[in-house]
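A.B. asks: Okay, here's the structure, questions in a sec.
The values are calculated or read from the model by the stated rules, or taken from the named source; none is laboratory data. Values in this document were obtained by computation on a predicted structure and should not be read as measured data. Note that we place each Cβ from the backbone using ideal geometry, even for glycine, and neighbour counts take in every protein chain shown.
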Amino acid sequence: TGGEVSDYAAVPALMAMPVGRPRLLLADKGYDGDAVRQDLLLSGIVPVIPPKANRKNPPPCDFKAYKDRNRIERMFNRLKQFRRIATRFDKTAKSFAAFLALAAVRIWIPYFVNRT
């Protein structure tokens with residue numbers, strides 16, 4: 001979403017994408033809204049969203065599962081260090097996905113080489 005648009009405005013479009021059905025949705029406080037939570041629960045997805053500070057009756061949040069969100073954010077930040085990925089330079093989805101896989105291999109190979 002753009003900087004002037006609320007984060008939760010993009011949730012319906014995101015949930016309409018034809019991908020596998022997740023069990024959990026990890027999101028930051030920008031997505032904390034009753035409508036978003038209700039839509040997720042009706043879809044069978046557990047929202048893992050920390051409540052905003054101004055909520056009178058904050059819903060529960062699985063903070064143990066929420067810790068994984070940080071790892072996911074760091075992974076995307078590492079991938080975006082490749083200019084070609086950050087700017088979506090590729091013209092086709094197939095070539096973008098191929099370079100995404102190549103960048104992931106480039107990032108993760110040092111973790112597996114020379115480990116004793």
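A.B. asks: In the range 106-116, which residue that is surrounded by fewer than 10 Cβ atoms within 10 Å (Cβ to Cβ) and of a type in the set (A, V, I, L, M) is farthest from LEU26 (Cα to Cα)?
C.D. replies: VAL113
A.B. asks: I've got another one for you. Among the numbered conditions (1) surrounded by 10 or more Cβ atoms within 10 Å (Cβ to Cβ); (2) under 17 Å from the mean Cα position of the chain (by Cα); (3) not hydroxyl-bearing (Ser, Thr, Tyr), tell me where GLY20 comes up short.
C.D. replies: For GLY20, the exception is condition (1).
A.B. asks: To continue, here is another question. Of the conditions (1) modelled with pLDDT under 85; (2) of a type in the set (Ser, Thr, Tyr); (3) out of contact with any helix residue (DSSP H, G or I) (no Cβ under 6 Å at 6 or more places or on another chain), TYR31 fails just one. Which one is it?
C.D. replies: (3)
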